[in-house]
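Every read-out reported here was derived from the displayed coordinates using simple, explicitly stated rules and does not represent laboratory data. Everything numeric here is computed off the predicted structure, so don't read it as measured data. Ideal geometry is used to build each Cβ from the backbone, glycine not excepted, and the neighbour counts take in all protein chains shown.
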Amino acid sequence: MERISILRSELKSKIGDSLLPGDEAKIQKILGQAINDKQVKFDVFGFNPIVMALQTALIAVDEIGLRRDGVIAIILYNGVINGYTTMEEVRNDFGDGVATIIKGLVRLYHLYEKTPVIETENFRNLIVSFAEDMRVILIMIA
């Protein structure tokens, strides 16, 4: 939990001015409830998905310049995949921009389930055409 707190503070210091009032509390509520309900599952390598999301968000902020919508999408994407929040809740709480990015990330997640190894230029082109929002591609790279 200490690592999460440190990452949250660092992220907030970098993008806090782009967050809307209530964003942080809503994110905390979603993640806190998932943790309390034991819905947050470590990946096959034993990594905490919340820590990984926060680290990815920091990379996206530092290297790509993503702001509010991209960062919130990165943090909540696993929540949608694992069922501790829904696309409708995300859209209602954070707007269409965040929901659009998560929708693209979920679509790519399902595409990678079918073809986990990028083998050809055609597959890379498919991924680019599959994403409606270029921020999705940038997040996948981060």
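May I ask you to evaluate 6.51 cos²θ - 1.76 cosθ + 1.60, the Karplus curve with θ = phi - 60°, for each residue of region 9-18 and list the ³J(HN,Hα) values in order in whole Hz, giving x for glycine and proline?
Ordered by residue, 3J(HN,Hα) equals 4, 5, 5, 4, 5, 8, 10, x, 5, 8 Hz.
Would you mind putting 62-71, 24-33 in packing order, based on average other-beta-carbon counts within 10 Å, highest first?
62-71, 24-33
Where does each of TYR77, TYR84, TYR109 land when they are ranked from fewest to most other beta-carbon atoms within 10 angstrom?
TYR109, TYR84, TYR77
Any lysines with Cα under 27 Å of the LYS29 Cα? List them, leaving off those in the same chain fewer than 8 positions away.
LYS12, LYS14, LYS38, LYS41, LYS103
Using square roots of five times the C-alpha gyration tensor eigenvalues, list the equivalent-ellipsoid semi-axes of region 1-111 in whole Å, biggest first.
18, 17, 15
Based only on other Cβ atoms within 10 Å, what is the fewest-to-most ordering of LEU54, LEU138?
LEU138, LEU54
Take LEU11, LEU108 and order them by how many other Cβ atoms sit within 10 Å, fewest up front.
Least crowded to most crowded, the residues run LEU108, LEU11.
Compute the length gained on full extension between ASP43 and ARG107: take 0.36 nm times their separation in residues and subtract their Cα-Cα distance, giving the result in nm to one decimal.
21.1 nm
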